[in-house]
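Accompanying notes for the structure given below.
Each value in this text was obtained by applying a stated rule to the coordinates, not by laboratory testing. On a predicted model such as this, the values are computed, not experimentally measured, just so you know. Reconstructed Cβ throughout: ideal geometry from the backbone, glycine too, with neighbour counts over all protein chains shown.
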Amino acid sequence: MGETPFVLASASPRRRELLALADLPVEVRAPEVDETPEPNETPHAYVARLARTKASACVRGPGEVVLAADTAVVLDGAPLGKPRDPEHAAALLGALSGRRHTVLTGVAVAGGRLPEVHAEVVATEVEFAHLTAEMIAWYVATGEPFDKAGGYGIQGRAALFVRRIEGSWTNVVGLPLVESLELLRAAGVRV
């Protein structure tokens with residue numbers, strides 16, 4: 001368990017649940033940052049920048065360690081975002097149907113023993129099965145798509161749609177655990 005104060009700069013219950021697997025008690029401090037992409041910013045640069053910005057925004061005291069993350073689902077080089085409404089959720093799932101996409105998570109740690117914010121981006125390839133209109137309508141009706149990048153949660157009912165993944169499963173959930181724990185160790189958190 002951490003001897004260094006440890007803060008998760010995210011309101012995501014999924015990220016808290018993943019960190020609980022490592023028996024890491026965390027304080028949650030959700031930052032308010034502008035998430036507007038910069039002109040011509042790549043999805044990779046976008047998630048890295050947001051993770052760094054969120055981590056930096058939440059450090060409040062000397063020795064405190066802050067972990068932040070930002071996840072994007074990328075199809076054909078463009079981030080899909082979170083669904084605005086049921087129609088948008090259905091459109092996102094239809095676009096993912098039968099195709100491969102990339103899940104990018106920028107993870108950053110600030111504070112502790114680190115003189116500056118350290119960040120990295122983890123990529124996981126996900127392949128969806130072909131989804132029928134009925135499958136999409138059923139999934140949208142569950143309400144599960146609405147707070148998730150790309151409109152799905154691999155840890156929930158959308159697991160039924162995933163044919164294969166290449167890379168970190170926890171990354172697709174929203175926090176690449178191996179990389180996050182390595183960054184926390186570098187900052188001085190005992191994991």
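A full extension of the chain between MET135 and ALA91 corresponds to an added length of 14.6 nm, given 0.36 nm per residue minus the alpha carbon distance. Taken over the Cα atoms of region 26-106, the convex hull encloses 123 Å³ per residue. Here, region 85-182 has an Rg and a Dmax of 15.5, 52 Å when only alpha carbons are counted. Counting other Cβ atoms within 10 Å, which trypsin sites (Lys or Arg not before Pro) in region 36-77 have at most 13 and lie in a DSSP loop? Hits after loop and neighbour filter: ARG60.
Out of every Cα-Cα pair that region 70-133 contains, those further apart than 15 angstrom amount to 60 percent.
The GluC sites (Glu not before Pro) of region 78-171 that DSSP puts in a loop, and whose beta carbon has at most 15 other beta carbons within 10 Å, are GLU116. When HIS101, HIS130 are arranged by Cβ crowding within 10 Å, least crowded first, meaning fewest neighbours, the order is HIS130, HIS101. Note on the chain: Cα Rg divided by 2.2 N^0.38 Å, N the number of residues, gives 1.03.
Of PRO145, PRO86, PRO176, the residue with the greatest mean-square motion in the GNM of the chain, using alpha carbon springs below 10 Å, is PRO86. In this simple spin-label approximation, ARG60 and ALA22 carry label points 7 Å from Cα along the Cα→Cβ vector, and these lie 2.2 nm apart. Taking Cβ atoms as reference points and 10 Å as the exclusive limit, the residues near THR53 contribute a net charge of 0, counting Lys and Arg as +1 and Asp and Glu as -1. Here the gap between LYS82 and VAL162, fully extended at 0.36 nm per residue and compared with their Cα-Cα distance, gives a gain of 27.0 nm.
Quick one: of the DSSP bridges fully inside region 1-118, what percent are antiparallel, nearest 5?
Numbers: 13 of 18 bridges.
Just about 70 percent of them are antiparallel.
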